[in-house]
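Heads up: the structure comes next, in C-alpha cells.
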Amino acid sequence: MPHTDFSARLIAWQHRHGRHHLPWQVREPYLVWLSEIMLQQTQVATVLDYYPRFTTRFPTVQALAAAPQDEVLSLWQGLGYYSRARNLHKAAQQVVSGFGGVFPSSRRELETLCGVGRSTAAAIAAFAFHQREAILDGNVKRVLCRVFARDGNPADKKFENQLWALAESLLPSEQENMPAYTQGLMDLGATVCKRSKPLCGKCPMAEICQAKAQNRTAVLPRKKAAVEVKTLPLYWLLLRNAEGALLLQKRPQHGIWGGLYCVPCFEKLQDLYDFAARYGMVADNLAESAALTHRLTHRLLLITPLAAKTHRPSENGSDGLWVMPQHWADYGLPKPLHDYLNQPQPALF
DNA sequence: AAGACGTGGTA
DNA sequence: TTACCAAGTCT
C-alpha cells in the first residue's frame, strides 16, 4: 500500500468531515502557539473555555511578555500542568527579546522556546508556516499504530523513533496541504479513531487499516504502563487576620502547583504547628475540618484543612500576602483550594 | 530515561 | 470505583 494514499485520503476526509471552526485555526503564529500549549494533554472542550480569556487579556506576544507571571498563572488556574503557563510566559519573553517579537518559522528554532517540544514545534510550523513537519501526539500515535499495525511498547524509545520516522514518511508532498493534513490527523484520532469503540464505519482509512483487517483495533496501540500513585498527606493552615484577610503564599517555581498561590501548606502537622505558633496559635486554637482528597496523575493528596484566626498584627512579607475575599479571584490557586474557598460555607474563621 | 507534572472525561 | 488517557515537555 503506497504511503501517498494515506495523506490523500486524510486531506480529502479533513475537508469534508474535519473540524474547521476552532478559534485557533488561523494563520497567526502567536495564536497557534498559544493554543498548542494549552492543548498539551488537555482536551479541546476544556481549552475552549480558557483560550479566549488569554487572547482577550494578551492579544499579542508583547502583551504576554510584559505581564507579571502571577497574572498569567491566574488566567491558567484550573487548566493544570502549570509549568506550561510558566514556560508560556518565558517563551513570550524569548520571542520578544530573542526574535524581535516575530515567531520563527522553522521547527528547529521553535523548539528553542520554553515548553515547545518537537511535536508542538512541528504543529506550529505546519499550521502557521505550512512547513512539512510531522507531529506525533497521542492521536497520531493511535492512528498510525492502527492503520499500520505497529505493535510496540509506548515507553520504548526505539519504537517511538520508528513512529516518528513513519509520521515523516507520510507527509503530503505539497506544503499548502500541511494545515489540512495535520488537522486531519488530530481530528481523525479525536473523532473517529478513538481509544475505545473506534468508528471504523466512518473512517477514510478503513480499507487500508491493518489493525481493522487483523481485528486488532482494540489492542492497538498498546497501553502505557500504569503509574504508581503515592498518597501524600498535606496540612493547610487557613489563617485569617482581624480584618478577615487570608494568608496566601506563592509556591516555589518547581513541584506541585509551582508558582500558584496557596495557604501555608505542610507535609508534617508539626511544621504547621510551629508556623502557627508565630501567630500566637496553639493546637487548641486550630479548627480541623474534614480531610479532602485530590488526585493528580501520580499523587493522591490527602489534605487536612486547619482554620484559625489571629489577632497579631499581620503584614505582607516573607510569610506571604494577606488577601481579602474579594481579591481571592485575582490569584492563581490550586483547584482544590479554589473549590474549598468557594464552597457555600467554607470552614473559615 | 523514568518520573514529575493537573484536571477532567469516559467506560 | 478504578483505570486510562487527552494536541507533551522537562529533567
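The values are calculated or read from the model by the stated rules, or taken from the named source; none is laboratory data. What you are looking at is a predicted structure, and each value in this text was computed from that prediction instead of being measured. Cβ atoms come from the backbone with ideal geometry, glycine included; neighbour counts cover every protein chain shown. Just so you know, the surface numbers come from the protein's heavy atoms only, side chains and all, with ligands and any DNA or RNA stripped out. Shrake-Rupley method; radii C 1.70, N 1.55, O 1.52, S 1.80 Å.
Couple of notes before you dig in:
- Qualifying residue in region A:229-245 (condition: in a helix (DSSP H, G or I), more than 28 Å from A:L302 (Cβ to Cβ) and either open to solvent by less than 80 Å² (accessible area, probe 1.4 Å) or not β-branched (V, I, T) (or both)): no
One line per residue, one yes/no per condition, for (1) closer than 30 Å to A:S169 by Cβ; (2) within 9 Å of DNA strand C (Cβ to nearest atom):
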| position | (1), (2) |
| --- | --- |
| A:R57 | no, no |
| A:A63 | no, no |
| A:A67 | no, no |
| A:F103 | yes, no |
| A:R107 | yes, no |
| A:A122 | yes, yes |
| A:A125 | yes, no |
| A:L144 | yes, no |
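- Residue identified as within 16 Å of DNA strand B (Cβ to nearest atom) and either out of contact with any strand residue (DSSP E or B) (no Cβ under 7 Å at 6 or more places or on another chain) or assigned to a loop (DSSP other than H, G, I, E, B) (or both) among A:A206, A:A226: A:A226
- Of the strands (runs of 3 or more DSSP E) lying entirely inside region A:267-332, those carrying at least 3 residues that are in contact with a Ser or Thr (Cβ under 9 Å, 6 or more places away or on another chain) are A:299-309.
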